[in-house]
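Asks: Dumping the structure here so I can ask a few things about it.
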Amino acid sequence: MYSSYIAGIGHFVPERVVTNFDLEKLMDTSDEWIYERTGIKERRWIVPCTETTTSMGIKAAKAALQDAGKSPDEIDFIVFATISPDYYFPGPGVGVQEALGISEIGALDVRNQCSGFIYALSVADQFIKTGMYKNILVIGAELQSHGLDKTTRGRNVSVIFGDGAGAVVLSAAKLNNSSQILSTHLHSQGSNAAELMVKDPGNLSKERFPIDFAEHEIPESYFPYMNGNLVFKHAVTRFQEVINEALSANNKSVSDLKLLVPHQANYRITQFVQRKFALSDAQVMSNIHRYGNTTAASIPIALSEAKQEGRIQRGDLVCLAAFGSGFTWASALIRW
Ligand code: UT7
């Protein structure tokens, strides 16, 4: 048996900044409403057709490889988490394999929404612990701006989401290495699937055929639907549960935490969790005001920035936690 640790990390966000004031020109919304309810001031949206989820994931992966001091041919597996793949199939993992020129290694795509990165990390951790692989690229990337309803009809969802990518190189180490993924914890509750979803075009039920709508009018079911109030209420509870689960599984308490890196869903959710655990500002990573909610990319982007800013050093205890569509939620406790 081995343990796994994050040998390198990197991220990529598109250059184009879209402020809340820019959104005021597209829909009936305001900087004040968005900032008060979510903490978001701006997000990155690609200049249309200049990037894909795969291309952003590749850029983040290259940055992670450089940080780890590893070359692509040392990678023996890829796990790619996204809800916004370039194609309905295949998923973007194979695009990374091709672009990095890594000969015919396995590539797995993970579809777990906001919890996607932690699910992906957990899968990679198990492969490394069993000795099957030594170096795995774990990527979370999203191109959401192409799939949002940017009219007033979609304002409760579209003001939140942004584009970007983050990646880590997860590597094998001896069993009790000082840097390691200590544990991961994964959950789901499908009874709430319809509360945060994109129903079509994935819906293969009899309701879907024949597609019967005027060409000029894209149906609402092609855009994300979110019961925001309900999602918020579940999020604050599940974040607490899954952070507690990670801490107690390792006999740790919140005072041992150097940094909590929550999925950047909504700054009000992060603040709620911070207050419940009586964590200081220094113990909680937040960059949602600049990037919005980047779903599977939000944790690796935040973790990458935390490292760049010197907020975590080798040996520090770091907790990752996420909640989102499915519902799914997850945590990871890491000795950095
Ligand atoms: O990452 C995945 C997990 N997602 C989350 O964790 C998100 C959780 N939910 C939330 O963050 C919040 O529910 C939102 C930020 C999405 C919405 O905040 P809210 O306080 O729950 O607002 P609401 O949906 O209850 O809407 C309140 C009012 C409504 O108007 P009326 O009916 O009171 O007249 C909405 O029509 O705000 C209106 N509204 C807006 N107004 C201006 C909704 N969206 C907007 C908008 N700009 N963008």
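Asks: Does Ile160 qualify as being surrounded by 17 or more Cβ atoms within 10 Å (Cβ to Cβ), outside the structural domain of Leu186 (by TED's automatic domain parsing), more than 12 Å from the ligand (Cβ to nearest atom) and not acidic (Asp, Glu)?
Replies: no
Asks: Within the stretch 313-336, work out how many residues are more than 16 Å from Gly166 (Cβ to Cβ) and more than 14 Å from the ligand (Cβ to nearest atom).
Replies: Final tally of qualifying residues: 9.
Asks: Further question on the same structure: Looking only at residues in the stretch 55-69 that are of a type in the set (A, V, I, L, M, F, W, C) and more than 16 Å from the chain's Cα centre (by Cα), which one is nearest to Gly8 (Cα to Cα)?
Replies: Applying the filter and picking the extreme gives Ala68.
Asks: Only residues that are touching a Lys or Arg at 6+ places or on another chain (Cβ under 7 Å) and either within 20 Å of Asn293 (Cα to Cα) or not in a strand (DSSP E or B) (or both): list them for the stretch 313-326, please.
Replies: Of everything in the stretch 313-326, those that are touching a Lys or Arg at 6+ places or on another chain (Cβ under 7 Å) and either within 20 Å of Asn293 (Cα to Cα) or not in a strand (DSSP E or B) (or both) turn out to be Gly315, Asp316, Phe323.
Asks: If the requirement is being surrounded by 16 or more Cβ atoms within 10 Å (Cβ to Cβ) and within 16 Å of the ligand (Cβ to nearest atom), which of these qualifies: Phe80, Phe117?
Replies: The conditions single out Phe117.
Asks: Follow-up. Considering Ile128, Ile160, Ile181, Ile139, which residue is β-branched (Val, Ile, Thr) and touching an Asp or Glu at 6+ places or on another chain (Cβ under 7 Å)?
Replies: Ile181 is the lone residue from the list that is β-branched (Val, Ile, Thr) and touching an Asp or Glu at 6+ places or on another chain (Cβ under 7 Å).
Asks: Turning to a different aspect of this structure: Looking at Thr270, Thr295, Thr328, which one is on the phi > 0 side of the Ramachandran plot, β-branched (Val, Ile, Thr) and surrounded by 18 or more Cβ atoms within 10 Å (Cβ to Cβ)?
Replies: Within the list Thr270, Thr295, Thr328, the selection yields Thr295.
Asks: Let me ask something additional. Inside the stretch 9-56, can you point out the residues that are among the charged types (D, E, K, R), within 16 Å of the ligand (Cβ to nearest atom) and surrounded by fewer than 19 Cβ atoms within 10 Å (Cβ to Cβ)?
Replies: Across the stretch 9-56, the qualifying residues are Asp22, Glu24, Lys25, Asp28, Asp31, Glu32, Glu36, Arg37, Lys41.
Here's the yes/no breakdown for (1) hydroxyl-bearing (Ser, Thr, Tyr); (2) surrounded by fewer than 18 Cβ atoms within 10 Å (Cβ to Cβ); (3) within 23 Å of Pro262 (Cα to Cα); (4) in contact with a strand residue (DSSP E or B) (Cβ under 9 Å, 6 or more places away or on another chain):
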position	(1), (2), (3), (4)
Gln97	no, no, no, yes
Leu100	no, no, no, yes
Val110	no, no, yes, yes
Gly131	no, yes, no, yes
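The values are calculated or read from the model by the stated rules, or taken from the named source; none is laboratory data. Every value quoted in this text rests on a predicted model; they were computed, and no experiment measured them. All Cβ positions, glycine included, derive from the backbone under ideal geometry; neighbour counts span all protein chains shown.
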